[in-house]
1. Modelled label-to-label distance, Lys26 and Gln229, 7 Å Cα→beta-carbon offset: nm?
2. Could you identify which residue out of Leu164, Leu101, Leu149 has the top mean-square fluctuation in a GNM of the chain using Cα springs shorter than 10 Å?
3. What is the spin-label model distance, in nm, from Val138 to Ile88 if the labels are put 7 Å beyond Cα along the C-beta direction?
4. Please list, ordered by chain and number, the residues whose modelled amide H lies under 5 Å from the amide H of Ala7; skip anything fewer than 5 residues away on the same chain.
5. Which of the peptides 224-234, 12-22, 49-59 is most tightly packed, and how do the rest follow, going by the mean number of other Cβ atoms within 10 Å of each residue?
6. Just to be sure I understand the model, the point goes 7 Å from the Cα along the line to the Cβ. What's the resulting Ser102 to Ala250 distance in nm?
7. Under a cut-off of 21 Å between alpha-carbon atoms, report the lysines in cross-link reach of Lys242, not counting same-chain residues fewer than 8 places apart.
8. Return the single residue from Met130, Met244, Met148 with maximal mean-square fluctuation; model: Gaussian network over the chain, springs between Cα atoms under 10 Å.
Amino acid sequence: MKTTGIALSGGGARGVAHLGVLKALKEFGVVPDMLSGSSAGAMVAAFYAAGHSDEKIIEITTQSRFFSIFHLHIGKSGLFDMGVFENIYLEHFPQNTFESLSIPVHIAATDIIRGESQYFSTGNLAKAIMASSCVPTVFEPVEYDSKMLLDGGILNNLPIEPLLGKCDKLIAVHVNHFSSEPDSLSIKNLPDRTFHTAIRERELAKKDKCQLFIEPVDMGRFGMFDTSQAQEIYNYAYEYTKGMKAEIEAFVQL
């Protein structure tokens, strides 16, 4: 039987969309044999591979306010400290290892000293997720594996690379599509839109290496740090993916 790998992009609170996509894919008979993820995609991949339900993952990410910076502790350099999340991960991943997950997961982070992507698939799971979701200028870099690490999305927001050559079929899920005619631009959403516009061409270039590319449209209406819309994001991504019936059925037949 052919194996399927699924790569999940970063996107802050929009990462909840990955759960809706995965739910819809499962209803078509498509389940991942391996996952990769960057930032929010890394978080979802880990929780999913640990066997947590969609409802539980949404509850964890919203109640723990993963995508809000307003309750965090100032670190030694004046930035917020990612360590505040470590206890949450240890609670939900008691063995705290990639090896304890039900399916293989690859997590992307950025080595900010060497200027290159780093991929983790063994060892300390919490540290890898923390590094992958360490937003620059907001959080202090995570020191792990003798490296200073920041958000995986800086260099690779859609990490298909760890899956290439390891699976027969590849799906990429990108949750940062922006309308070409936004309702408004503000100081609140401009940095988000600017960053994802800058990396979009690099991400879309990966489509040719995937047998299925899923990108729910107009995700820009959901704020990157707004967890209050988590259920709406989840429902929208689920319905959007269900609407890709023809493409998904063709994928299944490959």
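Taken together, the values in this text are just the output of simple stated rules run on the coordinates, not laboratory data. What you see is a predicted model, and the numbers here were worked out from it, not measured in a lab. Every residue, glycine as well, gets a Cβ built from its backbone with ideal geometry; the counts of neighbours run over all protein chains shown.
1. In this crude label model, Lys26 to Gln229 measures out at 2.5 nm.
2. Leu164
3. 1.1
4. Ser36, Ile171, Ala172, Val173
5. Descending mean neighbour count gives 12-22, 224-234, 49-59.
6. Spacing of the two 7 Å Cα→Cβ label points: 3.1 nm.
7. Correct list for Lys242: Lys23, Lys26, Lys169, Lys207.
8. In the Gaussian network model the winner is Met244.
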